[in-house]
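Encoded as structure tokens, the structure appears first; notes follow it.
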Amino acid sequence: MDLKKLMVDTKAAWIEFPGLEGFSVEITNLSRKELTGLRKKCTTTKFDRKTRQAVEELDEDKFVTEFTHAVIKSWKGLKLQYLETLLLVDLSGQNGENELEYSPDNAETLVSSSSEFDTWLNEVVFDLDNFRTGAKKPVIKKTGEVPKE
């Protein structure tokens, strides 16, 4: 059996955002290879006259855009009232129960404007447990410990 044949570059899963009931995001896990490709795509090389060497510089705005488009595929249940916990918004004249529809632009704005959402996204997108198939097995903490079933 060849490990390369078993590996997948990406896998998507619906993950609920903690504390905001009903708000779930469809997130794609990125492989190390894809993340490296994203970084290269957003990196430019400039010549530093002082050191006379080429210096690589990451365009952070471009990286946020590319990263967001690569990992967030959709969302559901993002009520307007939830936005008040994620970033500074003016909801006067809006029904807080209405939902903000997913769009790539809305996702990019949320990631770049909400440090809470950005932090959560970075935690879940690289946690393989969120993308595993089948039943989760109990974690054995000490050698010789027998998991309860």
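Annotations for the structure displayed:
- Meets criteria (modelled with pLDDT of 90 or more, within 15 Å of the chain's Cα centre (by Cα) and of a type in the set (S, T, N, Q)) for S74: yes
- Some residue of region 89-102 being among the aliphatic types (A, V, I, L, M), at pLDDT below 95 and over 19 Å from F117 (Cβ atoms): no
- Residue in region 59-69 that is exposed (fewer than 13 other Cβ atoms within 10 Å of the Cβ), at pLDDT 85 or above and over 15 Å from the mean Cα position of the chain (by Cα) present: yes
- Against the list (1) closer than 14 Å to E26 by Cα; (2) of a type in the set (V, I, T); (3) loosely packed, with under 13 Cβ neighbours inside 10 Å, the condition I72 fails is (3).
- Check on T28, over 23 Å from L6 (Cβ atoms), under 16 Å from the mean Cα position of the chain (by Cα) and surrounded by 15 or more Cβ atoms within 10 Å (Cβ to Cβ): no
- Number of the condition not met by Q81 [criteria: (1) loosely packed, with under 15 Cβ neighbours inside 10 Å; (2) polar (S, T, N, Q); (3) modelled with pLDDT of 90 or more]: (1)
- Among the residues of region 1-29, those that are part of a loop (DSSP other than H, G, I, E, B) and at pLDDT 90 or above comprise F17, P18, G19, L20, E21, G22, F23.
The values are calculated or read from the model by the stated rules, or taken from the named source; none is laboratory data. Note that the coordinates shown come from a computational prediction; the quantities given were computed from them, not determined experimentally. Glycine also receives a Cβ, built like all others from the backbone with ideal geometry; neighbour counts cover every protein chain displayed.
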